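Everything below concerns the one structure shown next.
Nothing in this text is a laboratory measurement; each read-out follows from the coordinates by a stated rule. Fair warning: this is a prediction, and the values are worked out from it, not measured in the lab. Cβ coordinates were reconstructed from backbone atoms using ideal geometry, including for glycine residues, and neighbour counts include every protein chain displayed.
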Amino acid sequence: MPAASTSLSSVRSVKADNFTVLTEAFRKQEAKRILDVGCGSGGLAARLIAAGFDVTGVEPRAEAVDAARRIAPKASFVQAAAEALPYAIGPFDAACMVNALHHVPPAEMRNALSRTLAVLRPGGELLVIEPVAGGSFFRCMRPIDDETEVRALAIAAIDGFVAGGGAVLRELRRWDRESRFDGLQGFVDYLLDVDPGRAAAVERRRGELARAWRDNLMIRDGKAVLVQPILCWTLVRPKVD
């Protein structure tokens, strides 16, 4: 974690997983209409739909939006960057950005947070879930995509956004997410689904990737398990007097 972060001093460690944290938060505030920013190929949207929510996903990559429409046909999808989110698509009861903010250009991260909060109803919560640059998952992916700097920039962007009055921090939690894979190729497929641009690095650094995989994975119930520390900020718009 970057030493410059101010919000992390108030972090609360919990035993949790991404989906449970999201659904419990949405139900607690009686949210029905959910915005999934940086929805990727629609896996989370499909699970939220199955849990009874009305979901709109936003994603800049056309191929990911096409995949999301196949995976979650009952959800709605908009092709747009988070920092250029159309205001007209709101209002939503709540929103989430799951492993998405660090994929936004650093200069636009605060704009992405601002635009997302702007399409929420008053009091609506934005849950920003970001991975920390640490843990066995991170160490395995680092040979092909070292996100140390960009993950720190995402944390700093949230800190700066809150400190500058762009949002009120209601809660900050931390947990360890466990991901299970059948093998190295399953892990590679996951990384490429998030960012197909990693393909060239996978081919160039297969040896390094294989060594990192062997050195960091755990085997449990016949599956390869990788651990990723996760942070979750719950943000709301400041009240206007």
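Dipole magnitude of the chain about its Cα centre, charges +1 at Lys/Arg Cβ and -1 at Asp/Glu Cβ only, in debye to the nearest 20?
My answer is approximately 420 debye.
From the backbone phi of the range 79-90, what are the Karplus-calculated ³J(HN,Hα) couplings (6.51 cos²θ - 1.76 cosθ + 1.60, θ = phi - 60°) in whole Hz, Gly and Pro given as x?
8, 6, 7, 4, 6, 10, 4, x, 4, 5, 6, x
Let me check against my output: what whole-number percent is the relative contact order of the range 16-175, with C-alpha pairs under 8 Å and at least 6 apart? Before the final figure, lay out the partial values.
On the way: 262 pairs, mean separation 31.9, N = 160.
Relative contact order comes out at 20 percent.
Relative contact order (percent) for the range 10-69, with alpha-carbon contacts under 8 angstrom and 6 or more residues of separation?
Values: 59 pairs, mean separation 19.7, N = 60.
Result for the range 10-69 is 33 percent.
Evaluate the range 120-241: find the radius of gyration of its Cα atoms, find its Kirkwood radius, and give the ratio Rg to Rh.
1.08
What whole-number distance in Å separates the alpha-carbon centres of the range 164-194 and the range 126-140?
Going from one Cα centre to the other spans 5 Å.
Grab the DSSP H runs of the chain that are 4 residues or longer, score each as -39,500 (n - 2.57), total them, divide by all residues and round the 222 nm result to the nearest 500 deg cm²/dmol. Please list the in-between numbers first.
On the way: 9 runs with 90 residues, N = 241.
Estimated from H runs of four or more residues: -11000 deg cm²/dmol.
What is the set of long-range amide H partners of N99 at a cut-off below 5 Å, with H atoms built 1.01 Å from backbone N?
Distant-sequence amide H within range of N99: I129, E130.
Starting from the exponent 0.38 and prefactor 2.2 Å, build the expected Rg for the chain from its residue count and divide its actual Cα Rg by it.
Details: Rg = 17.5 Å, N = 241, 2.2 N^0.38 = 17.7 Å.
That works out to 0.99 for the chain.
Which whole-Hz ³J(HN,Hα) couplings does the range 156-161 yield from phi under the Karplus relation 6.51 cos²θ - 1.76 cosθ + 1.60, θ = phi - 60°, glycine and proline marked x?
Karplus values, whole Hz, x for Gly and Pro: 5, 5, 5, 4, x, 5.
Go through the range 196-202 residue by residue and turn each phi into a ³J(HN,Hα) via Karplus (6.51, -1.76, 1.60, θ = phi - 60°); whole Hz please, and just put x for glycine and proline.
My calculation for the range 196-202 gives x, x, 7, 4, 5, 5, 4 Hz in order.
How high is the relative contact order of the range 97-241, in percent, counting Cα pairs under 8 Å that sit 6 or more residues apart? Intermediate values should be presented prior to the final figure.
On the way: 210 pairs, mean separation 58.2, N = 145.
Value for the range 97-241: 40 percent.
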